[in-house]
1. Pull up region 24-34, narrow it to residues that are at pLDDT 90 or above and loosely packed, with under 15 Cβ neighbours inside 10 Å, then point me to the one that is farthest from residue 69 (Cα to Cα).
2. Could you list all residues from region 45-62 that are assigned to a loop (DSSP other than H, G, I, E, B), surrounded by fewer than 18 Cβ atoms within 10 Å (Cβ to Cβ), on the phi < 0 side of the Ramachandran plot and out of contact with any helix residue (DSSP H, G or I) (no Cβ under 9 Å at 6 or more places or on another chain)?
3. Only one of (1) assigned to a loop (DSSP other than H, G, I, E, B); (2) at pLDDT 95 or above is not met by residue 42, so which one is it?
């Protein structure tokens, strides 16, 4: 029997492809595209976001994998997996540490 209460933790490395925005829940949300061209919507509490993440930044993110937002084929938009992140780092800073 499958346990539906278990969280799947994933780690993503990629490029920020949307301007980070603040949501009503005081979360910062932005899209990251990885090397395989998969897209993820990263959501993290504003106070937890460590670096100066902006459009074009290379980041590494870790968090709980959530629902998939279906893409709109008529706009050539891919599906995106939501990641409730607990850690987002600029890749340049992570490699220097």
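The values are calculated or read from the model by the stated rules, or taken from the named source; none is laboratory data. Note that the coordinates shown come from a computational prediction; the quantities given were computed from them, not determined experimentally. Cβ sites come from the backbone with ideal geometry, for glycine too, and all protein chains shown count toward neighbours.
1. Of the residues in region 24-34, the ones at pLDDT 90 or above are 26-34.
Pick out the ones that are also loosely packed, with under 15 Cβ neighbours inside 10 Å and you get 26, 34.
Numbers: 26: 20, 34: 16 Å.
This residue is 26.
2. Those that are assigned to a loop (DSSP other than H, G, I, E, B), surrounded by fewer than 18 Cβ atoms within 10 Å (Cβ to Cβ), on the phi < 0 side of the Ramachandran plot and out of contact with any helix residue (DSSP H, G or I) (no Cβ under 9 Å at 6 or more places or on another chain): 52, 54, 55.
3. Here residue 42 meets the rest and fails (1).
Rundown of residues vs (1) at pLDDT 90 or above; (2) more than 15 Å from the chain's Cα centre (by Cα); (3) surrounded by 13 or more Cβ atoms within 10 Å (Cβ to Cβ), yes/no style:
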position: 2; (1), (2), (3): no, yes, no
position: 8; (1), (2), (3): no, no, no
position: 12; (1), (2), (3): yes, no, yes
position: 22; (1), (2), (3): yes, no, no
position: 38; (1), (2), (3): yes, no, yes
position: 74; (1), (2), (3): no, yes, no
